[in-house]
4 protein chains.
Amino acid sequence: MENGMKNWVFCDGDLPPHGDDPSFMGHEALMITNVSKLDAHIRIKVLFEDKEPYDRITLDLPAERTTCLRLDFPIGKEKYQIPFGQYALHVISDVPVCACFGRLDVRQTNMAYYSLAGYSF
Amino acid sequence: MENGMKNWVFCDGDLPPHGDDPSFMGHEALMITNVSKLDAHIRIKVLFEDKEPYDRITLDLPAERTTCLRLDFPIGKEKYQIPFGQYALHVISDVPVCACFGRLDVRQTNMAYYSLAGYSF
Amino acid sequence: MENGMKNWVFCDGDLPPHGDDPSFMGHEALMITNVSKLDAHIRIKVLFEDKEPYDRITLDLPAERTTCLRLDFPIGKEKYQIPFGQYALHVISDVPVCACFGRLDVRQTNMAYYSLAGYSF
Amino acid sequence: MENGMKNWVFCDGDLPPHGDDPSFMGHEALMITNVSKLDAHIRIKVLFEDKEPYDRITLDLPAERTTCLRLDFPIGKEKYQIPFGQYALHVISDVPVCACFGRLDVRQTNMAYYSLAGYSF
């Protein structure tokens, strides 16, 4: 679809520990880019292994802007804190956007990146 | 397709050694997310370089749940153990789902992540 | 689409520091491949979190050639220098091409790769 | 398309040095999986930055098999050696297949993985 898709699913969320260096914390992040000329109103649904999804996270992304959402901090207007453990994200936008997901792991002496394209529809 | 796809293929399976730290084992994992309102009944086929595929692995994934399947342990209701060596996975679901594949390699002092989107149809 | 797509979006640009080893510098790169028989005329738009996009970067990619564009150096005919901080790329080509994005991070003793497929339309 | 696609493009080939440990060599690899019931006859085209592509590499992949092609060694029936430097791959199959590309870099004390989905059509 032109400019992106309205739905993005990321299957492998699992927040790593922050580690000891505050300038270089282990984290996960969701990047969303809106290349269109219309502002995007976005809802994020968090799915879990063994409980109901949480679906009341909302945020706005202006036209022709990109955002990097730190997933280890409270997110959206509702300041929802994703708990530790396995989770998945379903990003739902009213206009087509693009998105990707990344993890920085600092559990060992040297960092490791984990990066994934999502499924979009 | 809305909510995902019914077929996912991951081409680069190759189980790494577990390593010495039981709290941080080398492994591969398959993450499957079901954002739909219908339970998913899933069959997994393991393909090899030089022998017939094994296709009798089954599992269920309830509606609006995600799962992380450790591929280095016996998987599915049939408790199938994937052997060491090159393999590929074909995930077949009766309702559309999303999936991704990851490897954590601890063969050296510091870990390395390997992450891949699959082909879906 | 045959031979690729005319639009590619990469959502997670964030130039890492170069580090101390000039033979192994931290960087990001955009790879574009033109498998078609037609030369490609490409425009790149850089999107930011809090200001208007910059969209006057152009380059040509001949038929049946690939290119690796270092994003930490001035890019395109206009020699535009991407500033530090979060950004996204929108690659627009007059003929279908393929593209991918990578980051080499050398902030710690050992490097880490970050690699991502883009969204294309 | 059912079972995969007939064309796969990988934009970021760049063979890393082998390094000093023969049991753990830096390399790139192309994984191709044929989940169909038909044998696949595959041609691989290597594209460069500044010279004509090389397109006479062929291989067969039987039905319901996967393969891992080491790209740092001579490939295909023609035993073509990819030179050092930037390259891209165009994989062309007569039946739909799936493919992915990976790099293991051992230039520093600890390895780094680089993994990428390809564009398919």
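Throughout, read-outs are computed from the coordinates displayed, never taken from laboratory work. Owing to the predicted nature of the structure, the values given are computational and were not obtained by experimental measurement. Heads up, the Cβs are rebuilt from the backbone with ideal geometry, glycines too, and the neighbour counts pull from every protein chain shown.
Computed values, structure above
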quantity: Other copies of D:Glu52: label-to-label distances in nm, shortest first, labels 7 Å along the beta-carbon direction; calculated: 4.7, 4.7, 6.7
quantity: Shielding by partners, peptide C:49-58 (average Cβ within 10 angstrom, other chains); calculated: 2
quantity: Taking chain C and dividing mean pair separation by its residue count, relative contact order in percent (alpha carbons under 8 Å, at least six apart); calculated: 40
quantity: Ascending list, in nanometres, of distances separating the A:Phe24 label from those of the other copies (7 Å, Cα toward Cβ); calculated: 1.4, 1.5, 2.0
quantity: Environment charge at B:Leu47 (Cβ cut-off 10 Å; Lys +1, Arg +1, Asp -1, Glu -1); calculated: -1
quantity: Low-density loop positions, trypsin sites (Lys or Arg not before Pro), the stretch C:1-71 - DSSP coil, at most 15 other Cβ in 10 Å; calculated: C:Lys37, C:Lys51
quantity: Simple spin-label estimate for C:Asp94 and B:Met1 in nanometres, 7 Å along Cα-Cβ; calculated: 4.0
quantity: Anisotropy class of the protein assembly as shown from Cα gyration tensor, a/c 1.5 cut; calculated: rounded
quantity: Unsatisfied cross-links (Cα-Cα over 21 Å) in the set B:Lys51/D:Lys79; C:Lys45/D:Lys45; A:Lys6/A:Lys37; D:Lys37/D:Lys77; C:Lys77/D:Lys45; A:Lys6/B:Lys45; calculated: B:Lys51/D:Lys79; C:Lys45/D:Lys45; D:Lys37/D:Lys77; C:Lys77/D:Lys45; A:Lys6/B:Lys45
quantity: Label geometry 7 Å along the beta-carbon vector: D:Leu38 inter-copy distances in nm; calculated: 2.9, 2.9, 4.0
quantity: Cα gyration tensor, the stretch B:17-69 - rounded (a/c under 1.5), prolate or oblate; calculated: oblate
quantity: Under 5 Å, built H, 5+ apart or other chain: amide partners of B:Gly19; calculated: B:Gly26
quantity: The stretch C:4-121 - Debye-derived log10 I(q)/I(0), Cα point model, q = 0.20 Å⁻¹; calculated: -1.10
quantity: The stretch A:55-94: relative contact order as a whole-number percent, Cα under 8 Å and 6+ apart; calculated: 35
quantity: Whole-Hz couplings from phi, Karplus 6.51/-1.76/1.60, listed for the stretch C:70-78; x for Gly and Pro; calculated: 6, 8, 8, 10, x, 10, x, 5, 8
quantity: Positive-end residue of A:Asn34, A:Gln86, A:Asn7, charge dipole of chain A with Cβ unit charges; calculated: A:Asn34
quantity: Backbone HN-Hα couplings from phi across the stretch D:27-37 [Karplus 6.51/-1.76/1.60, Hz, Gly and Pro as x]; calculated: 6, 10, 9, 10, 9, 10, 10, 10, 7, 7, 8
